[in-house]
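The values are calculated or read from the model by the stated rules, or taken from the named source; none is laboratory data. The structure presented is a predicted model; accordingly, all values stated were derived computationally and were not measured. When we count neighbours, we look across all protein chains shown, and the Cβ atoms used for this are built from the backbone with ideal geometry, even at glycine.
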Amino acid sequence: MTVRSIVLKVHLFLGLVGAVFLLILGLTGSIIAFETDIPHWLNPNLFSVKPGPRTVPEQELVRLTEAQFAPARVNAVQFLRHPDLARVMQLPGGVRVFVNPYTGAILGSVIGPFTSERTLGYIHQIHLRLVPDPRATPQLAAPGKTFVSFAGLILCLLVPTWLFLFWRTRRTTVKWSASWFRISFDLHHVIGIYAALFLLTAAFTGIIIGFEFAENTIYARMHSERPGRPAVVESRPASNPTPITIDQAIAISRAAMPDPTLAGYSLPHKPKDVFAVMLRVPEETSDFVHSSVAVDQFSGRVLQVQDFRTDSPGFFWVRYNRSIHTGDILGTPTHILLSVSSLLLVVMVCTGPIIWWRKLAV
């Protein structure tokens with residue numbers, strides 16, 4: 001038994017044990033890399049707008065929406081990350097209204113999620129827990145998450161053992177005119193050498209997400225706690241209360257945190273409610289937004305500031321790890337890279353057993 005033969009047997013054993021789970025992770029991962037983009041692509045009549053030189057004031061966009069959907073009032077507004085996408089006004093009852101921020105034109109409305117959003121949610125949960133709806137099958141979701149986490153650990157071991165085995169053959173091309181076994185053999189090697197770094201990165205970051213002790217270790221190393229719920233703050237009505245406008249609240253929030261871009265806001269409808277302005281700091285590379293400013297709706301006083309960069313160093317790195325895993329770190333380029341890498345993992349999972357079966361037959 002040479003070192004190489006031992007490594008080969010370990011590689012084959014790990015590959016066969018994790019094959020089904022890695023196949024699922026590869027297929028689902030290639031899809032959810034574009035989880036936020038697919039609904040935009042499938043509904044261009046609602047999302048796509050032509051950017052103009054300036055946007056309509058937010059107070060006017062809210063007024064136009066409420067005028068058409070009266071007596072409903074806008075609860076919150078979402079800013080999508082690209083300038084060629086519509087504002088999303090959220091009304092009671094799960095109603096979403098899509099508005100062109102440059103003209104004020106109302107593009108349409110929907111109640112509840114799109115079919116594509118619901119389907120992508122199922123795929124996302126399969127990727128995380130192997131079940132489409134964890135709430136319906138909680139008894140399967142917990143072990144499913146464990147299996148997924150160990151599959152990531154297996155992939156972390158497969159990549160270095162494969163690199164050890166590759167070093168002898170150093171095959172970097174595919175001989176397409178050869179037998180199906182030779183093509184599978186070549187594909188397994190070629191894809192492995194080009195995708196090794198990306199697959200190892202996805203596996204390692206996935207392990208940190210999957211195993212709770214990994215995130216706990218990050219918080220311990222950074223000497224910080226998980227961020228808790230923000231304290232409840234309230235507006236204080238004056239004797240003759242006249243609320244400020246949402247545009248004034250946004251200006252006040254951006255003065256409190258100059259660097260971020262606007263990600264959305266919620267509107268006050270009761271005397272004690274506040275303007276909650278969501279802001280995306282440059283370090284927040286995912287669609288998740290933690291930073292916000294709460295503004296008194298009457299006095300315009302800043303009541304609370306949450307800053308993703310300083311609230312919890314541990315939380316900062318946990319979210320940064322997730323951005324790397326999901327491909328959000330650089331936006332579209334890394335989404336493409338993640339999707340292609342996931343598909344290449346599928347090819348490797350399919351070619352591996354073919355190689356193993358042929359060697360077993362011989």
Task: Hits in segment 212-239 - residues which are touching a Phe, Trp or Tyr at 6+ places or on another chain (Cβ under 9 Å) and outside any helix (DSSP H, G or I) - done: M222, S224, E225, R226, P227, S235, R236, P237, A238
Open item on the list: When you check G15 against the structure, is it under 30 Å from G210 (Cβ atoms), among the small types (G, A, S) and not assigned by TED's automatic domain parsing to the domain that holds S266, yes or no?
Closed with: yes
Task: Residue tally, condition over 29 Å from T334 (Cα atoms), touching a residue at least 60 places away in the same chain (Cβ under 8 Å) and surrounded by fewer than 18 Cβ atoms within 10 Å (Cβ to Cβ), over segment 256-285 - done: 1
TODO: Test each condition in (1) assigned to a strand (DSSP E or B); (2) more than 23 Å from the chain's Cα centre (by Cα) for W162 and report the one that comes out false.
DONE: (1)
Open item on the list: Looking at the structure I just gave you, is Q90 among the polar types (S, T, N, Q) and free of Cβ contacts under 8 Å to residues at least 40 places away in the same chain?
Closed with: yes
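Here's the yes/no breakdown for (1) modelled with pLDDT of 95 or more; (2) buried (at least 16 other Cβ atoms within 10 Å of the Cβ):
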| site | (1), (2) |
| --- | --- |
| G18 | no, yes |
| G52 | no, no |
| E66 | yes, yes |
| M89 | yes, yes |
| R96 | yes, yes |
- [ ] Taking the options G152, G108, name whichever one is touching a helix residue (DSSP H, G or I) at 6+ places or on another chain (Cβ under 9 Å) and at positive phi.
- [x] G108
- [ ] Could you please find all residues in segment 306-353 being free of Cβ contacts under 8 Å to residues at least 12 places away in the same chain and either in contact with a helix residue (DSSP H, G or I) (Cβ under 9 Å, 6 or more places away or on another chain) or of a type in the set (F, W, Y) (or both)?
- [x] T310, T334
TODO: Keeping to segment 147-194, report how many residues are without any contact (Cβ under 8 Å) to a residue 60 or more places away in the chain and either of a type in the set (V, I, T) or not assigned by TED's automatic domain parsing to the domain that holds L12 (or both).
DONE: 8
Task: Exclusive hit being under 28 Å from Y320 (Cα atoms), of a type outside the set (D, E, K, R), at pLDDT below 95 and surrounded by 13 or more Cβ atoms within 10 Å (Cβ to Cβ), set S299, S253, S224 - done: S224
TODO: Residues being touching a helix residue (DSSP H, G or I) at 6+ places or on another chain (Cβ under 9 Å) and aromatic (F, W, Y): count how many of those fall in segment 117-132.
DONE: 0
Open item on the list: For the structure I just gave you, tell me whether L337 is crowded, with 19+ Cβ neighbours inside 10 Å, of a type in the set (A, V, I, L, M), assigned to a helix (DSSP H, G or I) and modelled with pLDDT under 95.
Closed with: no
Open item on the list: Looking only at segment 243-272, filter to residues that are touching an Asp or Glu at 6+ places or on another chain (Cβ under 8 Å) and among the charged types (D, E, K, R); which one of those is farthest from P83 (Cα to Cα)?
Closed with: K272
Open item on the list: Restricting to segment 195-218, name every residue that is in contact (Cβ under 8 Å) with a residue 40 or more places away in the chain and over 21 Å from the mean Cα position of the chain (by Cα).
Closed with: A195
